[in-house]
Structures are given as structure tokens and as C-alpha cells.
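Here the structure is laid out as C-alpha cells; the discussion comes afterwards.
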């Protein structure tokens, strides 16, 4: 119900602000991912709750793993050798690896996939003999470094630490020491200003731009606090706000670089509240299950929320994965509650 309310608030905000919105269809597309989740939820729930052929699911899983590996190869060749295997063309491409998609979103998704590979390795013995599984797992880690996604690296640290602290009490000291070492390294290189890689430098133009986008989002919220300025309207409105207030990187056109602030600006306090309620209820449902997969999903929700403080994760690839995990968790919940054996 909270996700339905979040979707409807987006539609309501769109119509209330239609006089100031130049492209209504572009704004409407900002609600499409919530619509996809709502439209796909019941059909997929019914299918997966009744269909229990593990062989088919295994084939689908390995097809996905193969796509992860291929995406990395394609993205790496494109960024390293400036040649796109998909379009078979050679031209200047961004030096950061993006798989089949934008390098930033690719890095964040890879961090979430890395965590779930960790979970599957320790909890699904059948996968331990599969070579493709480990190649895909390694690729997820490499993708974070080749895409140079700092938020992705922090996401891996966050999710892996929560996983270790939950299941492996004897290694908590090692995990804690690793986190402290990483944070100290980031602080050292950020202050020094000559980090060997972008992943360890947080004192750069990108950080300054982000802080400006955060300020702009808050200013937009102050102007329209109830329902916001409409879905996907932050970019256009923020340009005006930054110029008027002389804040941030004024020429930069882009989103808020923060999922919660983007929602707050676009859909106001009501949409913001519905989004948090949805995540909270989902987390609570997984907590009540007290199963390994339920705990894994709880860690994902926390990590997704944490990573969302550095990037807007309402994009195509992360939203599709978010939808898949949500539906998978609800199928898992259904099977546990009715005494059936879960697939995962």
C-alpha cells in the first residue's frame, strides 16, 4: 500500500505542477518504475509461489550470471580500448567501465550483486562447485574498481560488514579493523590530495558538486514542501535555484545525487514519508521471518538506503533489481508462512 501511495503521490504532484512542467510525458516517466513494480507484483507472486521447478530457476540464474560476465567484458573493452562490441563502433568512450549501462549506476548495482553472491556462497552449497558463479562474483568486485564508484565501494564495505557481524562473530575484529583501515586511508588521501585512485579521494570536484545538489534539493523542498515540484523535475528546477542562490556547481545539470533528497524535492514530504514507510514495512516483514534470506534482504535494504545517500538509485537497472529482490522476498515470505520449502 505504501508503494501504491508513493506512485499516486507522484501522479498527483505531476498534475498539480503541470503548469510549470514543460514536458509532461518526461515527468510521467519518473513514476514508471513504481508502476512496473505494482503491475508485476501479483502476476510474478502467483507464478513463483505456485511454480517450484528448481531446474528452470537454475537455468535462469546461470543465464543471469553469464550476462553479468558479458556486461563486464563489453564495458571494459569499451572503456579501455574505446571499442563497443554491441554497436561494433570505435569512438571516444568514458574511461570508467559501465557494463551495458551508465558507469555510476553499474558500480552501485555491482556492489549489491557482490553482497548477494557472498550470501549465496555461504548459504547455498550447490553453487560452490560452479565455476561461472565465482567468475560472476569476481566480476562484480572488479566492476566497482573499473567503474571507480566510491559509493559502490562503501556499499560493499557496509553490506559485507553487516553480513560478517551477523553470521561470523569470530571475525568481527578483522572486519572492524578492515573498515577502520579503509576509512583512515580515504581520509588520508582525501586530505593529502594525491590519491592513487578516485576511489580513495573524496575531496574533489565531484564531492563539491554533490554538496551543491544537496543544497538545491533542500531549497526546492522549502519552496514546495507538501507534494514537491513533480517527478523528474529536480534537474530543471535546480538550475534556477542554484543560479538564484549562487550555490554549488551552477552549470551542472543532473539529479540530486541523493535518493531521499531527490524524492523530497520531487514529491515533497508526503512522497518522502511514503517511501520511508515502504522500506520500513519491508524491513520489518523480513525481520519477523528470522530466516537467512530474510536477513540478507534486511542487509540489502540497509545498504541500498546507505548507498542512496551518494547517488539517486531510482534508475532503470537498480530499480529493476530492487523490484526483483522485493518480489523474491515476498515469495519467500509466502512459502515460509505456509510451511513450504523456499527456493532460496
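Here are the numbers:
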item: Hypothetical label at residue 205: residues of the range 62-94 whose amide nitrogen lies under 16 Å (7 Å Cα-Cβ projection); result: 94
item: Expected 222 nm ellipticity per residue - DSSP helices of 4 or more, -39500 (n - 2.57), all of the chain, to 500; result: -24000 deg cm²/dmol
item: The chain: most fluctuating residue of 116, 283, 25 per GNM, C-alpha cutoff 10 Å; result: 25
item: Cα-based Rg / Dmax (Å) for the chain; result: 20.9, 60
item: Semi-axis lengths (Å, descending) of the ellipsoid that matches the C-alpha gyration tensor of the range 66-200; result: 28, 23, 9
item: Sites residue 165 and residue 4, calculated FRET efficiency, Cβ-Cβ separation with R0 22 Å, nearest 0.05; result: 0.05
item: Difference of contour (0.36 nm per residue) and Cα-Cα distance, residue 226 to residue 23; result: 70.9 nm
item: Order by protection proxy (mean Cβ within 10 Å, highest first), peptides 242-250, 322-330; result: 322-330, 242-250
item: Sequence-separation-based contact order of the chain, relative, with Cα cut under 8 Å and 6+ spacing, percent; result: 21
item: Shape parameters for the range 218-277, alpha-carbon atoms, Rg then Dmax in Å; result: 11.0, 35
item: Potential extension, residue 269-residue 130 segment - 0.36 nm per residue separation minus Cα distance; result: 45.3 nm
item: Cβ-derived FRET efficiency at R0 45 Å, residue 338 paired with residue 94, nearest 0.05; result: 0.40
item: FRET efficiency estimate (nearest 0.05) - Cβ-Cβ, residue 181 to residue 39, R0 41 angstrom; result: 0.35
item: Highest-fluctuation residue, 300, 167, 106 considered, GNM on the chain with Cα pairs under 10 Å; result: 167
item: Dimensionless Rg ratio for the range 199-322, taking C-alpha atoms and the 2.2 N^0.38 Å reference; result: 1.17
item: Contact order normalised by residue count of the range 66-200, Cα under 8 Å, 6+ apart, percent; result: 22
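Values quoted throughout were computed directly from the atomic coordinates according to the rules given, and no laboratory measurement underlies them. The structure presented is a predicted model; accordingly, all values stated were derived computationally and were not measured. Cβ atoms come from the backbone with ideal geometry, glycine included; neighbour counts cover every protein chain shown.
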